[in-house]
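What follows is a set of notes on a single structure, which appears directly below.
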Amino acid sequence: MRSPLPDDLATIVTWPRLKRYCYFFEEAVETNQIWTLYRGSWAIEQSNGYQTFPLWPNGAFATICAIKQWQYFKPIQFTIEIVLNEVIPMLDNSLWFPSIFQTPSDRGTIINTQLLKDELLGLM
């Protein structure tokens, strides 16, 4: 699938959290891409008492969230296989929770790693 056009980006980031959540998984499975931010360490955020690890369906969405404390972070891409076999165990070991599809104005949907795995495998 093509990268979203700027107009698409502007529209998609205004979608309600649940719609962005569903879009994340559909897009991730279709493109075999999941994105986060990195700069010598992962972009981790404290939210509602949890340390969260943001994930996006496309590098463009990660880029627009590389602001404030993440302004020097760069998008990094994973395949679903890497997420399932390497990222999820890392998150479990670090006690970090996936945060699905943050926007500059919304923290996204915080889930546990089992749900991340189940959602990905359920759509494959």
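Taking Thr36 as the residue in question, decide whether it is in contact (Cβ under 8 Å) with a residue 24 or more places away in the chain, in a strand (DSSP E or B), touching a Lys or Arg at 6+ places or on another chain (Cβ under 8 Å) and farther than 18 Å from Gly122 by Cβ. Don't jump to the end; show me each part of the working.
On the way: in contact (Cβ under 8 Å) with a residue 24 or more places away in the chain: yes; in a strand (DSSP E or B): yes; touching a Lys or Arg at 6+ places or on another chain (Cβ under 8 Å): no; farther than 18 Å from Gly122 by Cβ: yes.
Judged against the criteria, Thr36 is not a match.
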Which of the numbered conditions does Ile82 fail, given that it passes all the others? Conditions: (1) exposed (fewer than 12 other Cβ atoms within 10 Å of the Cβ); (2) assigned to a helix (DSSP H, G or I).
(1)
Unique residue being surrounded by 22 or more Cβ atoms within 10 Å (Cβ to Cβ), touching a residue at least 60 places away in the same chain (Cβ under 8 Å) and either under 19 Å from Leu116 (Cβ atoms) or β-branched (Val, Ile, Thr) (or both) when the list is Ala43, Ala28
Ala28
Residue tally, condition touching an Asp or Glu at 6+ places or on another chain (Cβ under 8 Å) and under 17 Å from Thr103 (Cβ atoms), over segment 37-68
4
Going through segment 89-103 in order, the residues found to be surrounded by fewer than 18 Cβ atoms within 10 Å (Cβ to Cβ), part of a helix (DSSP H, G or I) and either at pLDDT below 95 or not hydroxyl-bearing (Ser, Thr, Tyr) (or both) are Pro89, Met90, Asp92, Asn93
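The values are calculated or read from the model by the stated rules, or taken from the named source; none is laboratory data. The structure displayed is predicted, hence computed values, not measured ones. Glycine gets a Cβ as well: all are built from the backbone with ideal geometry, and neighbour counts include every protein chain shown.
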